[in-house]
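Written out below as structure tokens is the structure these notes cover.
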């Protein structure tokens, strides 16, 4: 791989950002995809309704492969790196359909190297493997896979987003494996009034028995939980300082603490790395791992643990980016994803030629109630003219600060119209996905 300390390189695809504020309530309850802005460790504060966008990058087309120095690359560059890789870690923003389309292309390309890869998924726990095995054997058809895998309950994001990945796996006969820890186990740790996080940081590792769970739950844990690097600790602490006071409010268990947050993040990454290493040892086959960008970037998360569990492995990191250039330290290979925002109003938004266009509207959302439709171009929000995602962020913050209803002027089929969003459009929401938050490399917050 490259000379980076993380030995990473993978095609990055992360959407602009992803549900940062809505999922803060899950922080410390489950591990997360924590991604930081270029130059980490600090991150921008998200608004309650629309997350702040990254700068646009007009020099790249959507889906463009890019080397760390910012120069364009092609599929052959990926294949050259992938041919000798033991693990390819591909970062994502969970609700960005472009990222999953790109992941499907990477899986298809990797399978053409003749090395019979495996597919590792953050999205499903190891406890779901029997159902995945039935899918791998063709006993579960693709059209019913989401239901049969209990995808909605186990992950929370629509299976339709990930369908292209499963289609690619079927076409290339690539078996899929769940890598993570059951959410019930994370909840049990969260509910215990103990703080082994300090012990983990002091000793650099923590045996699973130290968590004091019943044997049936302990069996799902990695034998050793490995601490984050000092650099990642700094990033995670900065994130907790900024957002930790919002986490876990009103929920069961003890008050949140940075050490507990670091423990659960470390547990999540250690579990995925140990299981991936064990599967590779048993099969002798390379693995393409899909995970939120915070588990991939800078080689801090899964890759850091893989170097202990599989020291001889060659690890390729792939990350998406939406800025004018990628952060060269974040990965070995990047994939451009045009700026996109996921709003708590129920809007998926993208910048298109100097305008902001609605890509999707969530059923039952405030945006749908107001009459906003896919394909609408947003012209003005409140008193703010809209040309970029940053304009929307400013308008949403102003409306929240002034406690005003939010009016939206839009254009549809050449006609202008104004809609007013419901007064409670800024109520808390979010999906049941296992990860508390994730945003793309170079974007808003952890």
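Just so you know, all these numbers are worked out from the coordinates, no wet-lab data involved. All of these numbers come straight from a predicted model, not from anything done at the bench. Backbone-built Cβ (ideal geometry, glycine too); neighbour counts: all protein chains shown.
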(request) Starting from the Cα gyration tensor of the range 64-215, take the square roots of the eigenvalues, sort them a ≥ b ≥ c, and report rounded, prolate or oblate (rounded when a/c is under 1.5, otherwise prolate if a/b is larger than b/c, else oblate). (result) oblate
(request) Report the label-to-label distance for residue 398 and residue 113 in nanometres (one decimal), using points 7 Å from each Cα along the Cα→Cβ vector. (result) 5.0
(request) Report, in cubic angstrom per residue, the convex hull volume of the C-alpha atoms of the range 301-350. (result) 105
(message) Just to be sure I follow: if Rg is taken over the C-alpha atoms of the range 81-165 and Rh is the Kirkwood radius over the same atoms, what is Rg/Rh?
(response) 0.96
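Let's test the formula: R0 of 60 Å, r as the Cβ-Cβ distance of residue 380 and residue 281. What FRET efficiency results, to the nearest 0.05?
FRET efficiency, residue 380 to residue 281: 0.55.
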(request) State the Cα centre-to-centre distance between the range 162-231 and the range 58-90 in whole Å. (result) 29
(request) Starting with the fewest neighbours, write out 296, 358, 419 ranked by other beta-carbon atoms found within 10 Å of each beta-carbon. (result) 419, 358, 296
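For the range 288-406, what is the Kirkwood estimate of the hydrodynamic radius, computed as the reciprocal of the mean inverse distance between distinct Cα atoms, to one decimal in Å?
Over the range 288-406, the inverse of the mean reciprocal pair distance is 16.9 Å.
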(message) Apply the a/c threshold of 1.5 to the C-alpha gyration tensor of the range 60-104 and tell me whether it is rounded, prolate or oblate.
(response) oblate
(message) What does the C-alpha gyration tensor say about the overall shape of the range 111-159? Classify as rounded when a/c is under 1.5, otherwise prolate if a/b is larger than b/c, or oblate.
(response) prolate
(request) Output the direction-averaged projected area (hull surface divided by four) of the convex hull of the alpha-carbon atoms of the range 172-329, in nm². (result) 11.3
(request) Could you work out how far apart the two model spin labels at residue 242 and residue 137 are, taking each label as a point 7 Å from the Cα in the direction of the beta carbon, and quote it in nm? (result) 4.7
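Report the Rg/Rh value for the range 133-196, based on alpha-carbon coordinates and the Kirkwood definition of Rh.
That ratio equals 1.11.
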